[in-house]
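The values are calculated or read from the model by the stated rules, or taken from the named source; none is laboratory data. Model, not experiment: these values are computed from the prediction. Here the Cβ positions follow ideal geometry from the backbone for every residue, glycine too, while neighbour counts run over all protein chains shown. Side chains are part of the model used for accessible areas, which takes the heavy atoms of the whole protein and leaves out ligands, DNA and RNA. Shrake-Rupley method; radii C 1.70, N 1.55, O 1.52, S 1.80 Å.
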Amino acid sequence: MEEKRLQERLRRAVVLIVAAGLLLLAAGEGVAAFLARSMVEVTKDQMRAETDEYKNRLEKQMSSDYQILTTMSGFLEFSNVDEAENFDEILNEANLRNDFVSMAYFPLNGSGVVAVLGQPVRSDVELAEMQPEVQEVVAQAWQGEMALSDLVQSELTQEKIFIYAIPVSRNGDTVGALIASDQVEIFSDILSGDTVLSGNGHIHLLNSKGELLIHSQNSVVEESVASIYEEPYFSGQKAEEIRTALAAGESVYSSFHCEGRSYQALLEPVGIKDWYMLCVSRVQEASGLYRIVTVIAVTFAALLLLMVILLVYGYRLTRRNDRELRDLAFHDALTGGDNLRGFTLKLQEALSQRQDVNLAALDVRQFKFINEIFGRERADKLLRHIHQQLQARLEEGEFCCRDSADLFYAVLLNTDPEQAAARLRNIMDEACAAALQDANSDYHVLLYAGMVAAPQCAASGKVDDVLTHAMFALERAKGASCNSVWTYDTELHKKEEVANFVESHMHQALQNGEFRMYLQPKIDLTSGRLGGAEALVRWTTGTGRMLYPDQFIPLFEQNGFSVSLDLYMVECACKQLRAWLDQGIQPVPLSVNQSKLLFFEADYIQNLERLIERYQIPASWITLEILEGLALENAGELNSRISQLQAIGFRISMDDFGSGYSSLNTLNSLQIDELKLDRGFLMEAADKNDPRSRIIMEQVVRMAKQLGISVVVEGVETRENEALIQSLGCDFGQGYYYSRPITVEEFTARYWGEPKEAPHGPAL
Ligand code: C2E
Ligand code: CA
Ligand code: CA
């Protein structure tokens, strides 16, 4: 039960912690994802801003370059300067002023002027001598278009340049091409590149095929590649996606890994030709935000781990505690075996499943003495030893335990109680012999046992009852003298139970009026009419159960309560006589049984006198039945008592004559008024095979008659009985033949007509 509760609690804790853990994890994930996304956005924005910056500068430079060329071309259109003698001077001057790397003018005839910074101006330069890129743009300009070359390595300056060309027209016709080459300012930055993203990035210039045009020397990754489709950049599926995006002129945000680190890459079209800028960043990794996200992720993971560890630790701890508690709860620390709780669990199971369970309770005789003389340590050793010995001798399915002190229980399996008891006796003998050897002393340990046999165990089936029965049998065994086994007896136990009840409830019962007077008639054998009645007590308990005198009178005689009860019965009789008189009934004498204790009470006679006075009853209507045994001890004192009572008027009857030490002498020595022959007397006399008893009875009756004592015969059960006692000359008959003891109400109705209101017990 407790274990179940514990497991349920554990299960709930696990669910709670797992739920909390998952929640925490989800929250952590959420925060981390949010931060990561924010970070990506921030990085992307930074990279875009950086790329835009370079793009703007490039655009600005180009448009200003174009502006200059366009102005010059206009000037040429209207002034015909190109045909002037000093045109080369003018061109050189313009080149110097505008900071181009070189300028040139090629009329349609292909023989032009070339001015290069830091070099003398050359005239009559044939276009065909120029590098192909120059020829290309010039050809385009001659077609009337503005043209721009790819980046080229200048043959003249060895610098990376690009070349612009614009047409010069006159009167609507193109007459030549004005060209200028310029270094791209940003390229130097790209080349040195350490300012990109505060040193945490680099920018390369490439075309839409992915071929690198300008390569930063300060790239943040280790590389010397010709294309972005080479290591460490993009490969596989990613490369394909990027290739498609670049062909479509779209910008791409992606990432790649290099030497275990992650980099972000932004590919932005420049807007000039098919150029792209590749911006690479490691900002994300280097930024505080990235570290925060990492820290958060690690913290959450650590927390989760901690929770799991705590959970496992808690679980183990509870399991261990539980086990220890269970050990404590079901084990006996002294013997290491089961304790009573552990034992009863097994017993419960055995009782519910089998019919051959015999339960024995064993105890060590004089254990207190062993404890005191040999000391606690040795006594404990002995207990351990007995437990071991018992355990060793049990067979499969059998078990035992020590309850407390020197009380042991054992279950033996056998359907035959005799065999079970014999085996138990054997086990006890062996265990005692072994204990003696082991203790190495002369003291002979003795065990005694109470056993509840298999049929009783099976009939009861309840652990508590069976244990109580075993203890009951053990108590009985305690009274026996040597190693003995007492088997539980249901009848005996019931008697003991009643005895316990009687002793603990008698006082209250007397106050509550639970003792009632029943009456059994005495019939006059000559007239056949009612000659008197005997008052017999009945106890109706609070629960309505009827107890008979045999169940409590012997106990009352032992504990002295019969003094109170008998006097109470005398009062009941007086009260009843008074009631009959008051009802106009002429009553018959009532006989009341008097115990020996009462008879010798100091104030006995005064008490009786008080009663007859209180109810105004003649003493002669009360017959006091005493037992023959009273005469054995002190006949003289008894006689004086009898005389005193007779002087008042009471009649004295000798009860149960012939049941015990009866002797005819008693008749002689005691001054009694009535002799009640015991039922046994009649039974024997009625036996036709034994005429002697009849002769003795005849003699007794004759002698009584001679002494003037009236004779009552008890136990008249048949017509033959009646005929017999009549023939013997007895005066009264009492027995079931006439009536069983009945209530006062019934008695009154039977002998005096309609039942009249009968009095209850006297108020005490
Ligand atoms: P007892 O005084 O010998 O009473 C007669 C007993 O024999 C009664 O038993 C009665 O019911 C029984 N009896 C009567 N006729 C027959 C019969 O034909 N056959 C058989 N087999 N039995 C018969 P009861 O009432 O159970 O009383 C038992 C004994 O308890 C009495 O024996 C008496 O000694 C004692 N007792 C009863 N009431 C009192 C009382 O108030 N005070 C004292 N001290 N003892 C009492
Ligand atoms: Ca009697
Ligand atoms: Ca009797």
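Of all residues in region 510-547 being surrounded by 13 or more Cβ atoms within 10 Å (Cβ to Cβ) and of a type in the set (Ser, Thr, Tyr), which is farthest from ligand 1 (Cβ to nearest atom)?
Looking at residues that are surrounded by 13 or more Cβ atoms within 10 Å (Cβ to Cβ) and of a type in the set (Ser, Thr, Tyr), I get 541.
Under 6 Å between Cβ atoms, which residue pairs at least 6 apart in sequence (or on different chains) link something in region 520-535 that is at negative phi with a partner that is within 11 Å of ligand 1 (Cβ to nearest atom) and of a type in the set (Ser, Thr, Tyr)?
Between residues of region 520-535 that are at negative phi and residues that are within 11 Å of ligand 1 (Cβ to nearest atom) and of a type in the set (Ser, Thr, Tyr), the close pairs are 521/738; 521/739; 523/738; 534/591.
Taking the options 674, 720, name whichever one is acidic (Asp, Glu), assigned by TED's automatic domain parsing to the domain that holds residue 612 and either away from ligand 3 (no atom under 16 Å from the Cβ) or open to solvent by 20 Å² or more (accessible area, probe 1.4 Å) (or both).
From the options 674, 720, the qualifying one is 720.
How many residues does region 406-435 hold that are of a type in the set (D, E, K, R), closer than 19 Å to residue 381 by Cα and not in a helix (DSSP H, G or I)?
Residues flagged as of a type in the set (D, E, K, R), closer than 19 Å to residue 381 by Cα and not in a helix (DSSP H, G or I) within region 406-435 amount to 1.
Provide a single number: the residues in region 53-71 that are open to solvent by 40 Å² or more (accessible area, probe 1.4 Å) and hydrophobic (A, V, I, L, M, F, W, C). Working first, answer last.
So in region 53-71, the residues open to solvent by 40 Å² or more (accessible area, probe 1.4 Å) come out as 53, 56-57, 59-60, 63-64, 66-68, 70-71.
From the residues that got through so far, the ones that are hydrophobic (A, V, I, L, M, F, W, C) too are 68.
Number satisfying all stated conditions: 1.
Only one of these is farther than 23 Å from residue 510 by Cβ, open to solvent by 10 Å² or more (accessible area, probe 1.4 Å) and within 16 Å of ligand 1 (Cβ to nearest atom): 589, 618. Name it.
After applying the criteria, what remains is 589.
Could you figure out which of (1) within 15 Å of ligand 3 (Cβ to nearest atom); (2) under 22 Å from residue 562 (Cα atoms); (3) open to solvent by 10 Å² or more (accessible area, probe 1.4 Å) isn't true of residue 654?
(3) is the only condition that residue 654 fails.
On the basis of being within 15 Å of ligand 3 (Cβ to nearest atom) and open to solvent by less than 10 Å² (accessible area, probe 1.4 Å), does residue 626 make the cut?
yes
Go through region 437-548 and tell me which strands (runs of 3 or more DSSP E), entirely inside it, have 3 or more residues that are farther than 24 Å from residue 575 by Cβ and at pLDDT below 95. Please lay out each step first, then the result.
On the way: elements: 447-452, 484-487, 515-524, 530-540.
Answer list for region 437-548: 447-452, 484-487.
For region 359-405: of the residues being under 34 Å from the mean Cα position of the chain (by Cα) and assigned to a loop (DSSP other than H, G, I, E, B), which is surrounded by the fewest Cβ atoms within 10 Å (Cβ to Cβ)?
Ranking the candidates gives 396 first.
Please determine whether any residue of region 683-690 is more than 16 Å from ligand 1 (Cβ to nearest atom) and in a helix (DSSP H, G or I).
For region 683-690, residues more than 16 Å from ligand 1 (Cβ to nearest atom) and in a helix (DSSP H, G or I): absent.
Against the condition basic (Lys, Arg) and not assigned by TED's automatic domain parsing to the domain that holds residue 348, how does residue 495 come out, does it pass?
On the way: basic (Lys, Arg): yes; not assigned by TED's automatic domain parsing to the domain that holds residue 348: yes.
It is true that residue 495 is basic (Lys, Arg) and not assigned by TED's automatic domain parsing to the domain that holds residue 348.
State which residue is farthest from ligand 3 (Cβ to nearest atom) when the search covers only region 592-615 and only residues that are open to solvent by 20 Å² or more (accessible area, probe 1.4 Å), closer than 29 Å to residue 636 by Cα and in contact (Cβ under 8 Å) with a residue 40 or more places away in the chain.
It comes out as 607.
List the residue pairs whose Cβ atoms are under 8 Å apart, where the first residue sits in region 728-740 and is among the polar types (S, T, N, Q), the second is open to solvent by 10 Å² or more (accessible area, probe 1.4 Å) and away from ligand 3 (no atom under 15 Å from the Cβ), and the two are 6 or more positions apart or on different chains.
734/523; 739/750
So, in region 702-714, how many residues would count as being aliphatic (A, V, I, L, M) and away from ligand 3 (no atom under 16 Å from the Cβ)?
So the first thing to find is which residues in region 702-714 are aliphatic (A, V, I, L, M), and the list is 703-704, 707, 709, 711-713.
Next, from what is left, pick out any that are away from ligand 3 (no atom under 16 Å from the Cβ): 703, 707.
Count: 2.
Examine region 650-672 for a residue that is out of contact with any helix residue (DSSP H, G or I) (no Cβ under 7 Å at 6 or more places or on another chain), farther than 20 Å from residue 526 by Cβ, away from ligand 2 (no atom under 16 Å from the Cβ) and in contact (Cβ under 8 Å) with a residue 40 or more places away in the chain, and state whether such a residue exists.
no
Would you tally the residues in region 73-92 being under 13 Å from residue 175 (Cβ atoms), touching a helix residue (DSSP H, G or I) at 6+ places or on another chain (Cβ under 8 Å) and surrounded by 19 or more Cβ atoms within 10 Å (Cβ to Cβ)?
Residues that pass the stated criteria total 2.
Taking helices (runs of 4 or more DSSP H) that do not extend beyond region 565-633, which have at least 3 residues that are within 16 Å of ligand 2 (Cβ to nearest atom) and at pLDDT below 95?
Qualifying helices (runs of 4 or more DSSP H): 596-599.
Counting only residues that are part of a strand (DSSP E or B) and surrounded by fewer than 21 Cβ atoms within 10 Å (Cβ to Cβ), which one in region 179-211 is modelled with the lowest pLDDT?
Checked region 179-211; the qualifying residue modelled with the lowest pLDDT is 183.
Would you pick out the residues in region 686-713 that are touching a residue at least 12 places away in the same chain (Cβ under 8 Å) and among the hydrophobic types (A, V, I, L, M, F, W, C)?
Selection gives 686, 697, 700, 701, 703, 704, 707, 709, 711, 712, 713.
Considering only region 637-668, how many residues are modelled with pLDDT under 85 and part of a helix (DSSP H, G or I)?
Summing the residues that are modelled with pLDDT under 85 and part of a helix (DSSP H, G or I) in region 637-668 gives 5.
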